[in-house]
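Input: a single structure, listed below in structure tokens.
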């Protein structure tokens with residue numbers, strides 16, 4: 001998952017696209033170590049654990065859970081992965097640029 | 001006074017109508033008052049002992065020390081006897097029912113099955129109409145024998161008309177419905193909406209959460225986190241302590257990835 005995401009972020013770096021990681025591994029120090037080791041550069045939210053505020057509020061019960069939002073903030077897909085996820089993102093970027 | 005203490009304040013006459021017992025003398029109400037005070041005192045000391053235990057646990061230097069503290073089993077066990085004694089002294093009263101409920105909860109938590117089961121049986125036999133029975137609705141599958149659960153629950157359902165018990169059954173029905181029909185039926189939503197409306201400020205028999213909080217959390221997800229809805233905004237802090245919010249990314253296609261490196 002992570003190598004795939006890394007490639008995606010790199011490929012879409014000049015596009016209107018953002019990957020936001022909502023992390024449940026632990027405190028900021030622990031997450032900094034993981035990000036460094038895994039070469040993760042995209043934005044993170046430090047939630048502390050799986051019962052952090054955002055996973056709780058959003059009712060997340062399995063990890064990873066993935067939401068895809070269009071440029072207007074509307075939820076367009078939930079729990080896509082791999083190629084389907086990538087195709088959906090590319091399509092939504094095209095949609096955003098067309099407007 | 002002891003004999004009077006055994007008499008329930010309200011008894012059912014043979015024709016089924018409520019018959020008030022003769023007014024209890026002042027001495028009796030002092031006895032009940034003392035029982036209530038005793039209950040509050042035990043609750044308070046249990047709360048303090050738990051807090052102390054948690055503080056010790058939190059202050060432990062390493063995992064080994066934490067394991068050691070955990071192995072002691074915490075303070076709950078030491079309080080079961082006190083609640084049992086109070087339940088005997090205050091037999092048949094609401095204070096007695098509350099003391100039995102505590103025995104039941106603590107018994108389940110420290111795996112003292114015998115104490116928990118005995119308390120459950122007494123609650124069923126003597127307090128079937130008490131609001132304390134809400135706890136039994138939750139605990140029955142854990143403390144009663146497999147063959148006894150359904151009958152006990154049916155007995156509570158048909159005899160107990162209190163609001164806490166009604167709430168507990170809505171919760172149980174909602175769980176059963178989720179198991180059999182999944183998360184997305186209109187019937188399920190109606191049960192959550194009922195909890196949020198009718199039992200909003202009532203707490204679960206154990207813990208601090210209210211039914212309103214519980215139902216709101218589910219309804220929030222079902223109403224907002226669905227395809228076609230604008231994602232609800234949130235604020236977050238990154239690994240360097242920098243604050244950001246979802247709205248910062250408006251105008252971009254956004255993937256929100258709940259993840260962990262495990």
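Nothing in this text is a laboratory measurement; each read-out follows from the coordinates by a stated rule. Just so it is clear, the model here is predicted, and its values are computed rather than measured. In this analysis, Cβ positions are derived from the backbone assuming ideal geometry, glycine residues included, and neighbour counts consider all displayed protein chains.
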Net lengthening on full extension, residue B:248/residue B:55 (0.36 nm per residue, minus Cα-Cα): 65.5 nm
Relative exposure of B:203, B:179, A:38, judged by other C-beta atoms within 10 Å (fewest first): B:179, A:38, B:203
Rounded to 10°, Cα long-axis angle of helix B:149-159 versus longest principal axis of chain B: 70 degrees
Where a label projected 7 Å from the Cα of residue A:78 along Cα→Cβ would reach, residues of the stretch A:26-62 with amide N under 17 Å: A:54-62
Exercise: per-residue mean of other protein chain Cβ atoms within 10 Å, A:54-67: 5
Whole-angstrom gap from the stretch B:184-262 to the stretch A:3-73, using each part's C-alpha centre: 17 Å
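Per DSSP H run of at least 4 residues, take -39500 (n - 2.57); add these up for the protein assembly as shown, divide by its residues and hand me the 222 nm value, nearest 500 deg cm²/dmol. Could you put the intermediate results ahead of the total?
On the way: 15 runs with 202 residues, N = 361.
Calculated from helices alone, the mean residue ellipticity at 222 nm is -18000 deg cm²/dmol.
Suppose R0 equals 22 Å; then what is the FRET efficiency for residue B:197 and residue B:176 from their Cβ-Cβ distance, rounded to the nearest 0.05? Display every interim value, and only then the final one.
Values: r = 20 Å, r/R0 = 0.92.
Efficiency computed from Cβ-Cβ geometry: 0.60.
Restricting to Cα pairs below 8 Å that are 6+ residues apart, what does the relative contact order work out to for the stretch B:137-227? Please round to a whole percent. Write down the numbers at each step before the final one.
Values: 58 pairs, mean separation 17.5, N = 91.
Relative contact order comes out at 19 percent.
At a threshold of 8 angstrom on Cα-Cα distance, excluding pairs fewer than six apart, so keeping six or more, what relative contact order does the stretch B:86-180 reach in percent? All intermediate terms of the calculation are to be shown ahead of the outcome.
Numbers: 97 pairs, mean separation 21.9, N = 95.
Relative CO of the stretch B:86-180 lands at 23 percent.
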Spin-label model distance (nm) - residue A:4 vs residue B:48, 7 Å beyond Cα toward Cβ: 5.7 nm
Distance in nm between pseudo-label sites at residue A:63 and residue B:262 (7 Å out along the Cβ direction from Cα): 0.5 nm
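Using packing as a proxy for protection, rank B:152-158, B:57-63, B:94-100 so that the peptide with the highest average count of other Cβ atoms within 10 Å comes first. Don't jump to the answer; show the numbers that get you there.
On the way: B:152-158: 15.6, B:57-63: 10.0, B:94-100: 24.3.
By packing density, highest mean first, the sequence is B:94-100, B:152-158, B:57-63.
Using r as the Cβ-Cβ distance of residue B:240 and residue B:40, and R0 as 45 Å, what FRET efficiency do you calculate, to the nearest 0.05? Can you show the working numbers first?
Numbers: r = 48 Å, r/R0 = 1.07.
According to the calculation, E is roughly 0.40.
Can you pull the mean other chain C-beta count within 10 Å for peptide B:209-220? It would help to have the intermediate numbers written out before the result.
Values: counts 0, 0, 0, 0, 0, 0, 0, 0, 4, 1, 0, 3.
Per residue, the average neighbour count from other chains is 1.
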Spin-label model distance (nm) - residue B:161 vs residue B:184, 7 Å beyond Cα toward Cβ: 4.2 nm
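With an 8 Å Cα cut-off and a minimum separation of 6 or more residues, compute the relative contact order for chain B in percent.
Numbers: 240 pairs, mean separation 24.4, N = 262.
Answer for chain B is 9 percent.
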